[in-house]
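Everything on this sheet refers to the single structure shown next.
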Amino acid sequence: MALLSNSFLCVAAASLCTISASAHSPRADLSVLFDAPTVSEIARVRTDWATRQPEVAGYRVEASGTDAGGVRFDVVSHISEGQRHYGAVRYPRNYAAGQPYGTLVVCHGGLNGVAAEESANFLLSLPGICVDENYFLVIPSYRGEQLVTQFAGTWVSGGSPSWADRDVDDTASLLAAVQMNIPDMDQARVGAWGISRGAAVAMLLAARDDRIRRVVDLFGWTDLSLPSVQSQLDLILNQGVQPAGIGRVAYESFVFGWLNGVLSLDEARQAWIRRSPCYFANTMPPIQAHHGLQDTQIDPSHTQVLLGALSSLGLGPPDVEGFFYPNGAHGINSLVGLGDRVEPYLCALEDGPRAYCGPMAPHALGLYAGADYRGSSSITRNDFELRANNCRPNTVGLVFVSSNTAYVPAGAGFLCVGAGSQRLGAGLIDAAGTFRMSVDLANPNPNVANFLAPGQKAFMQVVFRDVGNPMGSFNFSNGLQVLIEP
């Protein structure tokens, strides 16, 4: 019962839902559909998610242009489940090739696609600390929806809409594709921002994908079994109200199919559980949530339930923050003071481990190996794992550490750790080209202990064999700067 007890407010809210969706037909009684999920049901969702790996085939840059301020935008595409999916990439305002920049995945709201330049307008609400100048924006359109650009027209992603389900798959695949093909994206600094339906996508992405390190949730839904959702379903089923917003998502995604025998009860329950982020709070990264108390489209109880689930896990400020706006409605302009809270929260990504060094050189398969990490750089927590993505597959990686940096041609690439470097360890690179190595910060080898002392900046780099590269027989990831914390 661990997961259910950890998310007790989420489950409690579901169990309070006793609103009948129909006074006229027993088939429309939704109480059995929205019974609180079991541990087994939640585990089955996670098992299904584990089978959905990001797809990066067929990547293309379809068009390039600039917005009204002269900032570069690209329309990019890739293949997802046999369909071509489109997205946009906004480059950092002060972009200079060869330098690492963070990434913010921007998940749009609404149910009808996204206007690329307009989706970046939230930057106008920020005070300008780091995001505009130092972060790529990755903007998915989701399957079956359009991406509208001012510089290159409209692009329509293939497939059928799958709100807050398969569009999470599309977003994960788009992120993987651009990270693989834009070497200046720092894979150690990735956050997600979402509005309304997009906030649900951002939270579910973060719960499923450990590349996401911070999330900003703007009035997203978190539990599709809440009374406010069932009230909207009651209007649709019993009073002939046209499905719209969150009611449409629930009705078209699983209620209609269940009531008409297309989906079994089990299938319908799985459909709403996997679209409800609060049941997966135990794998979410730090999150900052915002909701207007006058929001009539997505009830503030969604954010209250999410914060309760996170609190039950012992999570709170500064990693988990929630803000409610007495006069706020369903739009960011009504959330007064939003930007001054959001941007410092996102800019905290700058304080953690981050990539440095470049431009780097591709290995013989044409990819750039990017340094990454999981866990933290805290000696007390002692959960730091060094990673490097897009290395040469099926070989061995060696890690070197130093207290200073370099940028020196070596082999087929560039050495980024400075004089006095020592070998930190070694590990296997798997068939996907991912290197993983746990680093024991609490009990380091004496040869490297001085590099891993509290307050020390350690500079790490992975080197691997690069057979067949005419430039040299070995190559490197970029470097990772790690501030060792107590």
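If the Cβ limit is 6 Å and pairs must be 6+ apart or interchain, which residue in segment 371-394 that is outside the structural domain of S473 (by TED's automatic domain parsing) and among the aliphatic types (A, V, I, L, M) pairs with which residue that is at pLDDT below 95 and in a strand (DSSP E or B)? Going by the 6 Å Cβ cut-off, there are no qualifying pairs.
Within the group S276, S253, S311, S301, which residue is under 14 Å from L204 (Cβ atoms), at pLDDT 95 or above and surrounded by fewer than 24 Cβ atoms within 10 Å (Cβ to Cβ)? On inspection, the qualifying residue turns out to be S253. Based on what the data block shows, is D440 among the acidic types (D, E) and buried (at least 17 other Cβ atoms within 10 Å of the Cβ)? The answer is no for D440.
Give the residue, chosen from F400, F435, F414, that is touching a residue at least 12 places away in the same chain (Cβ under 8 Å) and closer than 19 Å to R211 by Cβ.
Values: F400 fails: closer than 19 Å to R211 by Cβ; F414 fails: closer than 19 Å to R211 by Cβ.
The conditions single out F435.
For L367, the conditions (1) under 25 Å from W193 (Cα atoms); (2) in contact with a helix residue (DSSP H, G or I) (Cβ under 8 Å, 6 or more places away or on another chain) are fulfilled apart from (1). Being assigned by TED's automatic domain parsing to the domain that holds G98 and surrounded by fewer than 18 Cβ atoms within 10 Å (Cβ to Cβ) is a property that F151 has.
Residues in segment 312-336 that are within 22 Å of the chain's Cα centre (by Cα) and either in the same structural domain as G375 (by TED's automatic domain parsing) or touching a residue at least 40 places away in the same chain (Cβ under 8 Å) (or both): L313, I332.
Among the residues of segment 245-300, count how many are in a loop (DSSP other than H, G, I, E, B) and either in contact with a helix residue (DSSP H, G or I) (Cβ under 7 Å, 6 or more places away or on another chain) or charged (D, E, K, R) (or both). First the steps, then the outcome.
Residues of segment 245-300 that are in a loop (DSSP other than H, G, I, E, B), as a first pass: 260-264, 274-276, 284-286, 293-300.
Narrowing further to those that are either in contact with a helix residue (DSSP H, G or I) (Cβ under 7 Å, 6 or more places away or on another chain) or charged (D, E, K, R) (or both): 263, 274-275, 284-285, 295, 297-299.
Total satisfying the criteria: 9.
Among the residues of segment 234-244, the one identified as outside any helix (DSSP H, G or I) and buried (at least 16 other Cβ atoms within 10 Å of the Cβ) is P243.
Here is a list: V408, V399. Which entry is at pLDDT 95 or above, part of a strand (DSSP E or B), in contact with a Leu (Cβ under 7 Å, 6 or more places away or on another chain) and farther than 22 Å from A453 by Cα? Write out each step before concluding.
On the way: V399 fails: farther than 22 Å from A453 by Cα.
Unique residue meeting the criteria: V408.
The values are calculated or read from the model by the stated rules, or taken from the named source; none is laboratory data. Quick caveat: nothing in here was measured; it's all calculated off a predicted structure. Counting neighbours? That spans all protein chains shown, and the Cβs are built from the backbone with ideal geometry, glycine included.
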